[in-house]
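The values are calculated or read from the model by the stated rules, or taken from the named source; none is laboratory data. Keep in mind that what you see is a predicted model, and the values were worked out from it rather than measured. In this analysis, Cβ positions are derived from the backbone assuming ideal geometry, glycine residues included, and neighbour counts consider all displayed protein chains. The area values use the complete protein model at the heavy-atom level, side chains included, leaving out ligands, DNA and RNA. Shrake-Rupley method; radii C 1.70, N 1.55, O 1.52, S 1.80 Å.
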2 protein chains.
Amino acid sequence: MTAPEKGARFVSSADVARLAGVSRSAVSRAFTPGGCVSPPTRARILAAAEKLGYRVNRLARILHQDRSDLVGVVGANFANPYISAQFDALSAELHRRNLQCLLLNTAGMAESSELVRLLDYRVRTVVLLSGAAPDRLMRLCAANGARMVLINRPAPPKGALADLILADSAAGGRLAAGRLAAAGCRHVAVVVSGSRTSAKRVRARAFCDEMTARGIPVTRWEKGPNSYQTGIDAARALLAGPGIDGIFGVTDEIALGVLNTARFELGLAVPGELSVIGFDDAPISDWSSHRLTTIRQSLPALTRATMEAIERPADAPPNRSDIPVELVERSSVAPARYKRRTDRT
Amino acid sequence: MTAPEKGARFVSSADVARLAGVSRSAVSRAFTPGGCVSPPTRARILAAAEKLGYRVNRLARILHQDRSDLVGVVGANFANPYISAQFDALSAELHRRNLQCLLLNTAGMAESSELVRLLDYRVRTVVLLSGAAPDRLMRLCAANGARMVLINRPAPPKGALADLILADSAAGGRLAAGRLAAAGCRHVAVVVSGSRTSAKRVRARAFCDEMTARGIPVTRWEKGPNSYQTGIDAARALLAGPGIDGIFGVTDEIALGVLNTARFELGLAVPGELSVIGFDDAPISDWSSHRLTTIRQSLPALTRATMEAIERPADAPPNRSDIPVELVERSSVAPARYKRRTDRT
DNA sequence: TTGTATGCGTTATCAC
DNA sequence: GTGATAACGCATACAA
């Protein structure tokens, strides 16, 4: 092992070759799975590499082979209970397949157009966990032959080279509406995060439509981001006076803000006086402190579909996979008064 | 904009040069902050680049300049409420400083030695959020002149080239002990995650020592990982019979598992019959559904120290920064019976 | 089996 | 201001 040196550059195959008394190609071959090297030299090379602390420079390899194992993952709000679980599963799975995760947290960017920076690192695929796909990014990916995977994002304008992973937001919204209706709610509200374009709006829209079809009035709250605080704010405003007896939070985090504020700040009995339903089925929603009834988008299914999309060959046609959604009964919604209608999907 | 082509490689500066009728060097200069290009040609180049969807290949730039803006971040358990918040803040801050985050989730690796793979991408710095630093990684970083930043990790054996960020775990453990003692607890327990080596053990150790010094017996529970489920298991076992009236979870997630199990499964009044205290001050600990009394390691302070370490020049001497810790009073611990002793630190 | 030569996309140096 | 050229570290086709 060499002593640490100041400003030292990374040790290269040339260094190893020198020490082992071979050529650089020999070193390269020794580190290439199918490389032809005689056992003795191979051993010498490996020993030298170990001694020097050599690691193959994959940047150079990518450059040469024009084939990258870097996957760009862009997201925001990684502290969100569902997103963090989703990201944890995805990143673990990426490494299991020997892919590297180059992460971009859009919260750190001034403009959303900044995220094309991922392409500067020759990622083979860009995965979008949240936020809308900027046109610019889509164009650049197309021009450079990089694939895109959009998770719960609206479909891109053209038939762009993007794989779509979509939980059935509309069905989820209807499920939520049906459940609150079955609980006997007479006047409900939906709390949407203010993000301009996303699956969350579809959830809310479907909820409203279904409620309208059932003749139940619905109030819409649409201020603030996808956060716990938004749930708090919404609950305070919506529950100031009597009237509303059911609330759908388009996200578990929002719904939990509503739930906790109703229970502990406003002193409302949930589900006695108010029913609350969420969307996601984040791990903490099942905690006994919450027991939030919610619409589940299965995390394993979502992760599986994402990995399939990522591993699709570069020239595969765009694909779309739908993740089914299901109602998870817990105890934040009043028991159904009548036998629940079959969902109309 | 070119049409998307199958198997297309990324567009290069040569492509742009060809279209703009200039040399590759001109293109390079047009994209270099201080580059000398006449306004007209510059405009032509930029137009050509935009048309083709060109982006500078930073892999090649790193290769040539021997200076990387890649920061390797290794961690696990990103669904943990504190870790996810920490990671969210860190990744956002990285991008704000124009650094890229190459993430490694050790949950996806067979062996911990696998994480040296980060060095294959010529990261300038490796940040360790969890897990121990394998010797191999430390050696390779040293040999290649890459810096390491260890967050709440035990100090490396030698005076290796690693920056240390350490919350005062010992003081935190003592604080927790003091608070439970003040609550009048007579027999307490500590729930440690089974990880072999980490700050969590120091927290538990200091807690035990302080309790012993006060003559209060402490039971130690040490099975399972750092998870909510571990808190559940511990609570079920520890609270099966009467006796224990105070529990310290070395992590908020663990403590919340204890708290919820005690309250909702075992029907214990918290803090009436049992006091529970955690460590971290994760965002959800402040939720009204929990109101967990805990030891805070300030996230902003932690992030600030981490960024300072990351931005230190490559040849700076190893540094150590200590993050103070403080007791956050909420309502999972019985009120202090006597005026609380000043902590002995 | 092994070494030589070439090219990947960039930037820096050097002429012009 | 501009273009040719070398070099970064690697993998490969080819020659030995």
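Counting, for every residue in A:52-58, the Cβ atoms of other protein chains within 10 Å of its Cβ and taking the mean gives 6. Here residue A:237 yields copy-to-copy label distances, from shortest upward, of 4.8 nm, the label point defined as 7 Å from Cα along Cα to C-beta.
Charges at C-beta only: +1 for Lys and Arg, -1 for Asp and Glu. How large is the resulting dipole of chain B about its Cα centre, in Debye rounded to 20?
800
What separates the residue A:41 label point from its copies, with the point 7 Å along Cα to Cβ, is 4.6 nm, written shortest first.
Peptide A:102-113 has a mean shielding of 5, counted as Cβ atoms of other protein chains within 10 Å of each residue's Cβ. When Rg and the Kirkwood radius Rh are both evaluated on Cα atoms of the range A:169-297, their ratio Rg/Rh stands at 0.92.
In chain A, the longest principal axis of the Cα atoms and the axis of helix A:135-144 are about 30 degrees apart. Assuming R0 = 25 Å, what is the FRET efficiency of residue B:265 and residue B:286, from their Cβ-Cβ distance, to the nearest 0.05? Once the sixth-power term is evaluated, E becomes 0.65. Since only A:43, B:177, A:133 are under comparison, the one whose Cα sits farthest along the positive direction of the charge dipole of the protein assembly as shown, derived from C-beta charges on Lys, Arg, Asp and Glu, is A:43. Excluding ligands, DNA and RNA, the accessible surface per residue across the range A:210-345 is 44 Å² with a 1.4 Å probe. For chain B, the spread of Cα coordinates along the three principal axes comes to 84, 43, 38 Å, biggest extent given first. Other residues with beta-carbon under 11 Å from the beta-carbon of residue B:77 carry, at +1 per Lys or Arg and -1 per Asp or Glu, a net charge of -2.
Peptide packing for A:98-107, A:275-284 was compared via the average number of neighbouring C-beta atoms within 10 Å per residue; ordered from the highest value, the list is A:275-284, A:98-107.
Note that the range A:63-74 has calculated 3J(HN,Hα) couplings of 4, 6, 8, 6, 8, 10, 10, 8, 10, x, 10, 10 Hz, one per residue in order, obtained from phi through the Karplus relation 6.51 cos²θ - 1.76 cosθ + 1.60 (θ = phi - 60°); glycine and proline are x.
Based on alpha-carbon centroids, what's the gap between the range A:25-63 and the range B:204-221 in Å, whole number please? Computed from Cα coordinates, the inter-centre distance equals 52 Å.
At a threshold of 8 angstrom on Cα-Cα distance, excluding pairs fewer than six apart, so keeping six or more, what relative contact order does the range B:13-56 reach in percent?
41
The calculated FRET efficiency for the pair residue B:311 and residue B:9, based on their C-beta separation and a Förster distance of 41 Å, comes to about 0.75.
Neighbouring Cβ atoms from other chains, within 10 Å of the Cβ of residues in B:120-126, number 4 on average. Nonpolar atom fraction for the range B:169-297, defined as the carbon and sulfur part of the 1.4 Å probe accessible area, stands at 51 percent.
Calculated on the Cα set of the protein assembly as shown, radius of gyration then Dmax: 27.6, 85 Å. Protein heavy-atom accessible surface, 1.4 Å probe, per residue over the range A:13-56: 56 Å².
Positive-end ranking of A:62, B:278, A:235 along the dipole of the protein assembly as shown, with charges on Cβ about the Cα centre, is headed by A:62. The charge dipole of the range B:13-56, taken about its Cα centre with unit charges on the Cβ of Lys, Arg, Asp and Glu (plus for the first two, minus for the last two), comes to roughly 40 debye. Computed on protein heavy atoms with a 1.4 Å probe, the accessible areas place B:337, A:291 in the order B:337, A:291, largest first. Every helix of 4 or more DSSP H residues in chain B counts as -39500 (n - 2.57), and over all residues that averages to -11000 deg cm²/dmol at 222 nm.
Across all directions, the average flat footprint of the convex hull enclosing the Cα atoms of the range B:116-202 is 6.6 nm².
Of the trypsin sites (Lys or Arg not before Pro) in the range B:169-220, the ones in a loop by DSSP (not H, G, I, E or B) with at most 10 other beta carbons within 10 Å are B:196.
The trypsin sites (Lys or Arg not before Pro) of the range A:14-113 meeting both criteria, a DSSP state outside H, G, I, E and B (loop) and at most 15 other C-beta atoms within 10 angstrom of the site's C-beta, are A:67, A:97. For the protein assembly as shown, a crude dipole built from +1 on the beta carbon of Lys and Arg and -1 on the beta carbon of Asp and Glu, taken about the Cα centre, is about 1460 debye to the nearest 20.
Ordering B:332, B:299, B:102 by Cα displacement along the dipole of chain B toward the positive end leaves B:102 in first place; charges were set at the Cβ atoms of Lys, Arg (+1) and Asp, Glu (-1).
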